[in-house]
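The values are calculated or read from the model by the stated rules, or taken from the named source; none is laboratory data. It should be emphasised that the depicted structure is a prediction, and the values quoted were computed from it without experimental measurement. Because the Cβ atoms are built from the backbone with ideal geometry, glycine has one as well, and the counts that use them run over all protein chains shown.
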Amino acid sequence: MGCGCVGPSKDKYSIENILGEKFSEPKDITSNFPLSEYVKKVFCLINKIRTNPADFITVIEAAEKFIKEINGRKIFDDNKIKVSLNEGKKMFQDCVDYLKTLQPMEELNFCDDIILECPTDEKNIKDIQFFKEKLLEKKEKFGIEAYFKDSIRIPEISVLLMLVDDSVKNPRKKRETLLNRNYKYIGISSSDINNNPEENKDKNNELNKNENPNNENDKENKENMNLENLIRNKLNKPFCAYFTFK
């Protein structure tokens, strides 16, 4: 994997710190689209998980200490971001068990053809219909087989919680997509291409509801988005990332 290793992060909790690596510019990612730090780091992390699934067992186990119960709700809370969970520790253990069964697989190749450009305005970032319209523009032409939207701007936590995938609707779908050995290509875009997520970590205090992959049910999507809008503590502009696979 073409990610540079320049020593662990000063952040006590991050995937890169647990692995003892800090990710620099990946050598095997080129694009005609702007590449944010989020996109580069998430691409790198996903491929590291694919090529060494068992190495991430300790990451998942270490993250369990940030699971809390507040007012009867399970929350992932590491002081930088708060994310609503469904089953909590049970699903984290489910992810550990799943990783134990996996054999290493090939890395995904970054593919411009299937990238869906994220909006940068607040209205469209929150609009699930905007995502669907972008998808329809490319899905058939370029053979997109799987897709989802995420709303956690910190790359390490975004990948961690996509991997655990403790959502109410269609749990494990993101995990199974990320670790599907049949997929060869990935497209990733993020909404804040002019912001460095590392600089914004201490400002983030968001309570997010994970969107579900491959979900065509309008009512379900609207319910998820409405809940997200109600519980989000907006200290920064809204964030979204689009993921596509084939």
Just to verify a result, which residue in the range 100-120, among those that are hydrophobic (A, V, I, L, M, F, W, C) and part of a loop (DSSP other than H, G, I, E, B), is surrounded by the fewest Cβ atoms within 10 Å (Cβ to Cβ)?
LEU102
Search result, residues across the range 168-180 that are out of contact with any helix residue (DSSP H, G or I) (no Cβ under 8 Å at 6 or more places or on another chain) and under 16 Å from GLY88 (Cα atoms)
VAL168, ASN170
Residues of the range 125-169 satisfying the condition of being small (Gly, Ala, Ser) and within 17 Å of the chain's Cα centre (by Cα):
ALA146, SER151, SER158, SER167
Tally up the residues in the range 83-98 that are touching a residue at least 60 places away in the same chain (Cβ under 8 Å) and touching a helix residue (DSSP H, G or I) at 6+ places or on another chain (Cβ under 9 Å), please.
10
Checked pairs for the range 139-154, first without any contact (Cβ under 8 Å) to a residue 12 or more places away in the chain, second part of a strand (DSSP E or B), C-beta under 8 Å and 6 or more apart or across chains, list as LYS139/TYR147
LEU135 is checked against (1) within 17 Å of CYS111 (Cα to Cα); (2) assigned to a loop (DSSP other than H, G, I, E, B); (3) of a type in the set (A, V, I, L, M) and fails just one. What number does that condition carry?
(2)
Check whether at least one residue in the range 112-135 is within 20 Å of LYS74 (Cα to Cα) and in contact (Cβ under 8 Å) with a residue 24 or more places away in the chain, and report yes or no.
no
Scan of the range 78-99 for residues that are outside any helix (DSSP H, G or I) and either closer than 24 Å to ASN182 by Cα or among the charged types (D, E, K, R) (or both), ordered by number
ASP78, LYS80, LYS82, GLU87
Count, please, the residues in the range 146-181 that happen to be surrounded by fewer than 21 Cβ atoms within 10 Å (Cβ to Cβ) and farther than 15 Å from ILE49 by Cα.
7
Looking at (1) assigned to a loop (DSSP other than H, G, I, E, B); (2) free of Cβ contacts under 8 Å to residues at least 24 places away in the same chain; (3) under 16 Å from the mean Cα position of the chain (by Cα), which one does GLU176 not meet, given that it meets all the others?
(1)
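Just to verify a result, which residue in the range 182-192, among those that are of a type outside the set (Gly, Ala, Ser) and in contact (Cβ under 8 Å) with a residue 12 or more places away in the chain, is surrounded by the fewest Cβ atoms within 10 Å (Cβ to Cβ)?
For the range 182-192, the residue satisfying everything is LYS184.
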State whether the residues of the range 8-25 include one that is surrounded by fewer than 19 Cβ atoms within 10 Å (Cβ to Cβ), under 28 Å from LEU135 (Cβ atoms), out of contact with any Phe, Trp or Tyr (no Cβ under 8 Å at 6 or more places or on another chain) and modelled with pLDDT under 95.
no
